[in-house]
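Bear in mind these aren't lab numbers, they're just calculated from the coordinates by the rules spelled out. Being a predicted model, the structure only gives us computed values, none of them experimental. Virtual Cβ from ideal backbone geometry, glycine too; neighbours counted across all protein chains shown.
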Amino acid sequence: MRQLIPTSRRDFLRTTAAVGGALTLGLGSNACAPSTPRPLSILILGGTNFTGPHLVNNALERGHSVSIFTRGRTQPTIHQALFEQVEHLIGDRSDDLEALKGRTWDAVIDNSGSRVEWTTASAELLKDAADVYMYTSSTGVYLPYLGLDIKEETELVLEDPVEVQRRSYGVMKSLSEIEARKAFGEDRAIIVRPTYIVGPADPTNRFQYWPIRIARGGEVLVPGMADDPVQYIDVRDLVELMIRLLENRTAGTFNVAGPASHLGMHAFVRGVHEAVSGEVTWVMADDYEFLREHEVRFVIPWILPVDNYVGSARINIERAKAAGLTFRSLNQTCVDTLEWWNSDAVTDERRETAFNNPRGLSPQREADVIAAWKARQG
Ligand SMILES: NC(=O)c1ccc[n+]([C@@H]2O[C@H](COP(=O)([O-])OP(=O)(O)OC[C@H]3O[C@@H](n4cnc5c(N)ncnc54)[C@H](OP(=O)(O)O)[C@@H]3O)[C@@H](O)[C@H]2O)c1
């Protein structure tokens, strides 16, 4: 097995220093990635949908070699040319891991984990075939988000209430984290917990609602209080941190959210406006009761901060910052997201239908809520 920077796992354990619950080595608490890192061989379980192509891009730029493991169905919509430099292993996490057998890598990134059994099987199979195992989890593990400064040590809910039929996303991620740690141990497992991931190639139509909507102009509904916190993470900042953690071989668990410090909802929409312009008239609907009545609860990154979601945008990110997380500006994220949205990477059909979801803020629904808000104001 090829080793990462330490010459042996024993050396690693000897030189390990605790950094806010993270185990780092060699570089002490200086989280800067080496400018010319030692090349690593990285296996990505996944790799072709959203974060995968950005991970591939960052890893290759940093001089690492990459293998990806997928079923071969999803084709990347960005950075396609880079995939010629990537080894593509085909299989299925449900029942066919043959392509991973008899091979070794420096690091595994379990990026496609959506079932606990998948992580159990791959981590068990690869525990002697790779030095470290990174699991891409989610801040969803903290649901219900009851704290106002949610740190990595928060006790997680590991069982869904009996009335819930399907395993919830957060519980699935929490149990998967446990499986990764069980196979690789605390000193060789890296868990990243991103909040909403945004930026070019985002397959959801969540965050991009805002740059697209504000660029269109007119009366724009802005739900929530001026200072309601919002958090999101630009996919490129996320993958930079992930590769940096591998290069620095920093074990531990990391919340990953931005921006660097508190951002309120009104400052957020004004920041988006600066990036995309558009003739807008803001309609600030700053009454939680009204928003509840009209079922306006999630317009990501804004979430109605009540009940189980009080702390969903109050995720503590100090540990990731100490490990080297940096942040693109909101302006840059919006400009790049709009540029991607208007490129050939997005189909006309998607552009035309993206915001028609009646449960989201479709143009009609937004107009209805604005009308109700104005009627209420008298
Ligand atoms: N989006 C967010 O806001 C957000 C927030 C927090 C955490 N996360 C987490 O971030 C991770 C990244 O997701 P991503 O879609 O960006 O990852 P990705 O690595 O870009 O793509 C996921 C890949 O998994 C492959 N795949 C799906 N089912 C498979 C199977 N049965 N066997 C083998 N491969 C399979 C797909 O390719 P094929 O179809 O070809 O198999 C696809 O390439 C996920 O774990 C997600 O839970 C996302």
- Item | Angle between the chain longest axis and helix 330-341 axis [Cα atoms, degrees, rounded to 10] | 90
- Message: Please list 3J(HN,Hα) in residue order for the range 85-102, calculated via the Karplus relation 6.51 cos²θ - 1.76 cosθ + 1.60 where θ = phi - 60°; whole Hz, with x for glycine and proline.
- Response: 8, 10, 7, 10, 9, 10, x, 9, 5, 6, 7, 8, 10, 3, 5, 8, 7, x
- Task: Have a look at D237, D187, D336 and tell me which one the Gaussian network model of the chain (Cα, springs below 10 Å) gives the largest fluctuation.
- Result: D336
- Item | Among L43, L330, L55: highest mean-square fluctuation, GNM of the chain, C-alpha pairs under 10 Å | L330
- Cα axis of helix 235-248 to longest principal axis of the chain: angle in degrees, 0 to 90, nearest 10? 20
- Query: Hey, can you rank 351-358, 252-259 by average C-beta count inside 10 Å, highest first?
  - Reply: 252-259, 351-358
- Task: Among M284, M242, M265, determine the one that fluctuates most according to a GNM of the chain built with springs between C-alpha atoms less than 10 Å apart.
- Result: M284
- Express the relative contact order of the range 226-378 as a whole percentage, based on alpha carbon pairs under 8 Å and six or more residues apart in sequence. 33
- Taking the simple approach of a point 7 Å from Cα along Cα-to-Cβ for both E318 and R166, what is their distance in nm? 3.8
- Note on the structure: Contact order relative to length for the chain, counting C-alpha pairs under 8 Å separated by 6 or more residues, stands in percent at 19
- Item | Set K182/K321; K127/K182; K151/K321; K151/K173 screened for pairs whose C-alpha atoms are more than 19 Å apart | K182/K321
- Per-residue ellipticity at 222 nm attributable to helices in the chain (runs of n ≥ 4 DSSP H, -39500 (n - 2.57) apiece, nearest 500 deg cm²/dmol) works out to -9500 deg cm²/dmol
- Item | Rounded to 10°, Cα long-axis angle of helix 51-61 versus longest principal axis of the chain | 50
- Message: Order 363-375, 304-316 from most to least packed using the mean count of other Cβ atoms within 10 Å.
- Response: 304-316, 363-375
